[in-house]
Amino acid sequence: MPALTDITNKIRESAKKLLASGQAEVVIGYRQGTIPMTTSPFFARTADECDLLVWSNFARINLANYLPGRAGKVAMVAKGCDARSAIGQVTENQILKDNLYIIGVPCTGMIDTNLVVAKEARPIREVVETADDSITVKGQGFSTDIKKDEVLRRNCKTCVNRTPKLANELVGQEVNGAAADDFADIKALLAKTPAERMGYFKDLIKDCLRCYACRNACPLCYCPVCFVDETRPQWLGKSTDPMDTMTFHLLRGLHCAGRCTSCGACETACPVNIKVREFNRVMELTVQNNWNYEPGLSWDQKPPLTMFQTDDAADFIK
Amino acid sequence: MSDFEPRIVAFFCNWCTYGAADLAGVSRLDYPPNFRVVRLPCTGRLNPKFIMEAFKRGADGVWVSGCHPGDCHYIAGNYHARRKFVLMHQLLESIGVEPDRLRFSWISSAEANKFQAMARDVVEHVKACGPNTTFRKEDLKLGLAEVA
Amino acid sequence: MSEYIVKENALVDFFKSLASGRRLLTPQGLGDKCKLEETPPDKVNLDFSNTHMSPKSLLFPQTEALMAFHNDASKPQAFVYQSLGDKGEPLAVFGIRPCDAKGLSIANKVFQNDRFTDNYWKGKIDQAVLVGLACDNPSPQCFCAAMGGSPFGEAGLDVLAFRQGKDLGLKPLTPKGEELVKASGAQTANLADAIKGLEAEAVKSQGVPPDYKGIDNADLMALFNDPHWLATAENCLNCGVCTFFCPTCHCFDIQDETSEKGGVRMRNWDTCMSWLFTVHGTGHNPRPSKTERVRQRFMHKLKYIPLKQDGVRGCTGCGRCVAMCPVNIDIRSVALKMTQTAASQA
């Protein structure tokens with residue numbers, strides 16, 4: 001049986017059991033989307049609804065986004081990165097550990113639709129996902145096989161924690177990810193001159209519409225009022241001014257420092273395909289270098305910005 | 001460039017660097033007048049938004065200064081601040097802001113001489129960077145030129 | 001008005017005539033980079049699906065300065081707001097899809113009606129001539145027919161162009177369009193039957209359009225109070241993607257920005273998906289959760305606008321929100337739920 005179908009069946013089975021036993025009042029998973037290459041977050045509350053849950057190469061939105069502040073017992077379907085986000089939310093007291101049940105899916109990576117469209121520009125009307133290492137896209141008068149490796153999202157290529165090892169249960173065989181994320185892209189970027197870097201980052205966000213899809217798709221962004229929405233004082237102008245846009249991305253990068261699990265939901269959500277994670281990756285590298293911290297790898301770790309060591313290094317402070 | 005006088009926003013902790021500035025003043029230690037001070041109860045109060053706001057509004061440099069680690073009036077405020085500074089420093093440097101534009105220091109209220117030296121150093125380095133033209137909001141480029 | 005035809009070898013001359021005395025904008029670039037750009041007459045591309053974003057920003061930019069003042073007391077009019085006027089200029093826009101043109105015509109009734117006129121919008125639209133290009137191969141996410149439009153729809157356009165083999169057929173729809181086509185030297189031709197044939201084929205490719213008529217006749221409060229909104233909105237992220245990409249969404253927020261040199265009053269796109277959109281000065285928010293905000297968007301598109309604009313729906317079926325929504329909230333599914341509500345009330 002193809003892995004995706006197998007996982008889908010196990011998710012449904014598990015969801016039904018959880019609902020029947022009262023271990024969960026709702027199971028948050030994915031439903032097939034209405035157009036090709038999409039899924040839609042779905043809240044299953046009855047056995048019939050559980051039969052709509054699917055697993056797919058396009059389950060890209062991070063469902064931990066729906067957890068903060070949720071009352072009652074909840075189960076969520078989670079990739080490695082999503083489970084880490086959920087665990088992070090437990091460490092940040094956004095949801096009780098006892099109320100959370102993680103149906104962990106060992107993940108072989110999600111597909112970037114932009115890369116698919118780059119390979120097959122004709123309108124795609126159907127996607128077949130029966131093979132494990134490739135997909136078949138179909139449209140008027142064509143059918144093209146595309147290797148999954150060639151169209152993976154960039155965060156999936158460097159993913160270390162593909163298997164959500166701390167999940168309450170695993171549906172599927174454990175998958176090994178990369179040995180370590182070497183941050184080669186960020187290090188190459190930092191080797192450039194300041195002027196080049198400034199040019200790079202300004203160019204990166206030039207198309208930004210400030211629709212805030214990245215923020216709203218992010219499981220870390222659960223503030224009741226985001227700093228961009230504050231009005232007294234108003235920190236950010238509402239226009240498309242590049243410096244206001246830059247301020248938004250920088251401060252969001254800072255707010256997510258030491259918390260980002262590279263789930264890529266922000267980049268998936270971005271309607272103009274900005275590599276939003278560049279800011280987060282700079283911060284993740286900094287956090288790892290300074291405090292050797294990676295979020296979501298244990299239930300009781302303390303987020304690095306909530307604590308300190310008296311001998312923290314900061315040579316730049318004179 | 002030599003006649004360029006930078007405008008620097010300084011965020012000082014009330015309990016130490018602000019006192020050091022005061023002491024430098026009453027001790028008649030002269031230092032360049034290029035910075036405007038915002039007094040904070042503690043550097044832990046410094047939200048990164050403040051730094052961004054200063055640059056956005058055209059500051060040529062930002063200087064943040066507080067108590068030496070271990071000397072915080074609120075026990076641990078500057079320990080927490082220090083971690084935030086690491087991030088802010090690294091993030092702005094990474095996106096290409098000249099490191100000399102954003103400076104951090106620890107100056108106790110007794111260190112008037114250190115304050116004087118640091119003030120001179122900060123101003124000198126920001127001067128060398130020149131006016132901030134790349135990391136600021138352009139002065140209302142929308143429409144203002146048409147009515148001026 | 002009769003139809004006209006431009007032969008394949010005369011296309012460049014036709015676009016030259018469009019560009020004479022005006023800026024010629026056409027869709028350029030591929031995929032998410034496809035947008036209306038100034039185009040030399042020999043570089044017009046007829047093989048595109050649609051622009052990534054709707055063309056509304058031509059007439060209603062995301063940020064638009066309305067008035068400004070300066071602080072220089074040595075000059076006249078210091079501290080006095082002066083209108084910046086409209087930024088209109090003679091424009092020929094070629095390649096607007098009928099769904100988007102219909103979107104502009106719906107927004108047009110918001111910005112220009114018997115109660116008031118928005119000069120910033122009017123100044124631009126009055127100087128623009130809009131030449132649409134009919135869709136002979138609609139995308140999978142298109143559903144203009146279901147929303148009462150057509151791949152060959154005419155609303156909002158001055159001229160409808162369509163591909164007639166390798167030639168370009170033209171159907172002028174307004175006096176402005178007629179003048180443009182005549183000046184271009186296109187030959188008259190009777191193409192009414194050809195259009196009907198092409199249109200039928202294009203409509204057929206969208207399948208049998210779902211019937212949403214129930215919504216038009218349904219009681220507004222019944223639609224409003226239906227419990228399905230809770231489930232419909234449950235996975236919404238409340239980002240502004242759908243509204244920013246929508247060709248008919250027209251809400252804006254007016255902001256003043258000041259510096260030491262003066263100030264500008266501008267308007268910026270706003271989105272009803274945002275908490276900030278409706279929050280009052282008191283802190284009270286009449287649309288406190290995403291359920292109310294999602295309901296507002298769909299009720300506005302499918303019920304409030306039709307009530308105000310003689311039954312014309314506020315959705316034109318361009319499919320952008322369907323394609324762009326990060327969580328795949330599909331307006332067609334929502335319309336179906338609303339239709340079911342209507343049926344259960346009847």
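Rule-based calculations on the coordinates, nothing more; no lab input. For clarity, every value in this text was computed on a predicted model and none was experimentally measured. Note that each Cβ is placed from the backbone with ideal geometry, even for glycine, and that neighbours are counted across all protein chains shown.
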(request) Quote the FRET efficiency, to the nearest 0.05, computed for C:LEU276 versus B:ARG7 with a Förster distance R0 of 41 Å and r equal to the Cβ-Cβ distance. (result) 0.80
(message) Please arrange C:VAL131, A:VAL26, C:VAL12 by how many other C-beta atoms lie within 10 Å of their C-beta, fewest to most.
(response) C:VAL12, A:VAL26, C:VAL131
(request) Take the Cα coordinates of the stretch A:1-102, assign each an equal point scatterer, and use the Debye formula without solvent to give log10 I(q)/I(0) at q = 0.11, 0.14 Å⁻¹. (result) -0.30, -0.49
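Calculated FRET efficiency, A:THR193 and B:HIS125, Cβ-Cβ r, R0 25 Å, to nearest 0.05? Could you put the intermediate results ahead of the total?
Details: r = 18 Å, r/R0 = 0.72.
Efficiency for this residue pair is about 0.90.
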(message) Tell me which of A:ALA195, C:THR188, A:ALA121 sits at the most positive position along the dipole axis of the protein assembly as shown, charges placed on C-beta atoms (Lys, Arg +1; Asp, Glu -1).
(response) A:ALA195
(request) In Å³ and rounded to a whole number, note down the convex hull volume per residue for the Cα atoms of chain C. (result) 167
(request) Note down the nm distance, to one decimal, between modelled labels 7 Å out along Cα→Cβ at A:LEU96 and at C:LYS35. (result) 4.9
(message) I need the calculated FRET efficiency for the pair C:ALA346 and C:SER2, taking r as the beta carbon distance and R₀ as 51 Å, to the nearest 0.05.
(response) 0.70
(message) With a 10 Å cut-off between alpha carbons and a GNM built on chain A, which of A:ASN280, A:ASN65, A:ASN216 moves the most?
(response) A:ASN216
(message) For A:PHE42, what residues show an amide H to amide H distance below 5 Å, using hydrogens built from the backbone and excluding near sequence neighbours?
(response) A:GLY29, A:TYR30, A:ARG31
(request) Collect residues whose amide H, placed 1.01 Å from N in the peptide plane, falls under 5 Å from the amide H of C:GLU37; neighbours closer than 5 in sequence don't count. (result) C:THR26, C:GLN28
(request) Would you mind checking the radius of gyration and Dmax of the stretch B:24-148 based on alpha-carbon positions, in Å? (result) 16.2, 54
(request) Give the Rg/Rh ratio for the stretch A:54-105, taking Rg as the radius of gyration of the Cα atoms and Rh as the Kirkwood radius, to two decimals. (result) 0.95
(request) May I ask for the equivalent-ellipsoid semi-axes of the stretch C:223-271, computed as the square root of five times each C-alpha gyration tensor eigenvalue and listed largest first in whole Å? (result) 34, 11, 11
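What whole-number volume per residue, in cubic angstrom, does the convex hull of the C-alpha atoms of the protein assembly as shown give? Provide the component values of the computation, followed by the final result.
On the way: hull volume 155.5 nm³, N = 812.
Convex hull volume per residue, Cα atoms: 191 Å³.
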(request) Using DSSP, restrict attention to beta bridges with both residues in chain A and report what percent are antiparallel, rounded to the nearest 5. (result) 65
(request) Using just the alpha carbons, could you tell me how many Å³ per residue the convex hull of the stretch C:1-127 encloses? (result) 167
(message) Over the Cα atoms, compute the radius of gyration (one decimal) and Dmax (the largest Cα-Cα distance, rounded to a whole number) for the stretch C:213-345, in Å.
(response) 16.4, 61
(request) Report the label-to-label distance for A:CYS223 and B:ALA110 in nanometres (one decimal), using points 7 Å from each Cα along the Cα→Cβ vector. (result) 3.9
(request) May I ask for the equivalent-ellipsoid semi-axes of chain A, computed as the square root of five times each C-alpha gyration tensor eigenvalue and listed largest first in whole Å? (result) 32, 26, 19
(message) When only alpha-carbon atoms are used, what values of Rg and Dmax, in angstrom, describe the stretch C:246-298?
(response) 14.0, 43
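For the stretch C:183-275, take the alpha-carbon Rg, divide it by the Kirkwood Rh, and send me Rg/Rh.
1.18
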(message) Within a 10 angstrom radius of the beta carbon, how do C:TRP229, A:TRP299, A:TRP55 rank from fewest other beta carbons to most?
(response) A:TRP299, C:TRP229, A:TRP55
(message) If the elastic network links every pair of Cα atoms under 10 Å, which of C:PHE69, C:PHE14, C:PHE79 fluctuates the most in the Gaussian network model of chain C?
(response) C:PHE79
(message) Run the numbers for C:ASP13 and C:GLN187: contour at 0.36 nm per residue of separation, minus the present Cα-Cα distance, in nm.
(response) 61.4 nm
(request) Along Cα→Cβ, 7 Å out, is where each label goes; now give me the distance between the ones at C:LYS176 and B:ARG39 in nm to one decimal. (result) 6.2
(message) I'd like the antiparallel share, as a percent to the nearest 5, of DSSP beta bridges with both residues in the stretch C:3-205.
(response) 65
